[in-house]
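Before any comments, here is the structure.
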Amino acid sequence: MDKLLKLGAHIEILKSEYTLDSLDALDYKYISSIREIVDDDTFIIDNPTIRGRLVPLHKGEVYNIYSFIGKGIYYSTIKILSNQLDGNARTVKVSLLKPSEKYDRRAFFRLETTMDVRYLLITPENSEDFKIAVKTGGLLTMEGFQNGTTVDISGGGVKFTSKEKLPAGGMAIMHMKAFVDNKEKNYVFLGKIIVSEQHENIRQLYVHRTQFVDLKQDAREELVRFIFQCEREKLKKR
């Protein structure tokens, strides 16, 4: 069993597409505790609650769990195995998919910002062109890019809007331009579409949550520096 996840430990649970620093995390953060340790990869938690109300978790769903140890925050990933009844108490049996690692709030801080973003959905029809473009460095020369607008951005992913619904689980090339130290910088990322849903207020728009895939550490750190540079500039203007 993960040494950081102990019997009785308080945990906070979020769907895998959210982090503690997501803008709407409070609306989706569930509270629970570890009730029983079954084996190295399996344990039982109390049925999670949100604002005192029981929340049903369904078999096969994947969540991130967060634990607070000392001054640090650690997170891991679980999969729901089954719901159980232990006397009068409802419990959930889960399996550990990823061991705990330290949660870097700096890397996942979300900056609310409006920027142009170009994206290209990778499909069976263009997958071979994509492979060639990766090898030759020609991703931005591929045909079919669409336009969107960012809502927020972090070191872990981008939330943006566009005029079309995108398939959850699909992959897309994303391209943004930004000025860093008075120099224009091109950011090109591969992102997995976690959620794509209709905008609450604008019927013609869809909101997409994406998660960066295989983002190298130096690229992530550069992006985080850009995010915090923007945040400092926003604070100066207040």
- If only one of Ile65, Ile132, Ile73 is surrounded by fewer than 17 Cβ atoms within 10 Å (Cβ to Cβ), on the phi < 0 side of the Ramachandran plot, β-branched (Val, Ile, Thr) and not assigned by TED's automatic domain parsing to the domain that holds Glu222, which one is it? Ile73
- Task: Give me a count of the residues in the range 163-182 that are β-branched (Val, Ile, Thr) and at pLDDT below 90.
- Result: 1
- Item | Scan of the range 51-106 for residues that are touching a strand residue (DSSP E or B) at 6+ places or on another chain (Cβ under 6 Å), farther than 30 Å from Ile153 by Cα and not basic (Lys, Arg), ordered by number | Leu81, Ser82, Asn83, Gln84, Thr91, Val92, Val94, Ser95
- Counting only residues in the range 82-100 that are among the aliphatic types (A, V, I, L, M) and either surrounded by fewer than 17 Cβ atoms within 10 Å (Cβ to Cβ) or over 24 Å from the mean Cα position of the chain (by Cα) (or both), the one farthest from Thr49 (Cα to Cα) is identified as Leu97
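Okay, residues lined up against (1) modelled with pLDDT of 85 or more; (2) crowded, with 17+ Cβ neighbours inside 10 Å; (3) over 16 Å from Arg118 (Cβ atoms):
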| position | (1), (2), (3) |
| --- | --- |
| Thr161 | yes, yes, no |
| Glu184 | no, no, no |
| Val188 | yes, no, no |
| Thr210 | yes, yes, no |
| Glu222 | no, no, yes |
- Note on the structure: For the range 83-134, the count of residues that are farther than 30 Å from Lys165 by Cβ, in contact (Cβ under 8 Å) with a residue 12 or more places away in the chain and of a type in the set (S, T, N, Q) equals 5
- Query: Among the numbered criteria (1) modelled with pLDDT of 90 or more; (2) of a type in the set (Phe, Trp, Tyr); (3) in a strand (DSSP E or B), which single criterion is violated by Phe130?
  - Reply: (3)
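The values are calculated or read from the model by the stated rules, or taken from the named source; none is laboratory data. What you see is a predicted model, and the numbers here were worked out from it, not measured in a lab. Methodologically, a virtual Cβ is constructed for each residue, glycine included, from the backbone with ideal geometry; neighbour enumeration extends over all protein chains shown.
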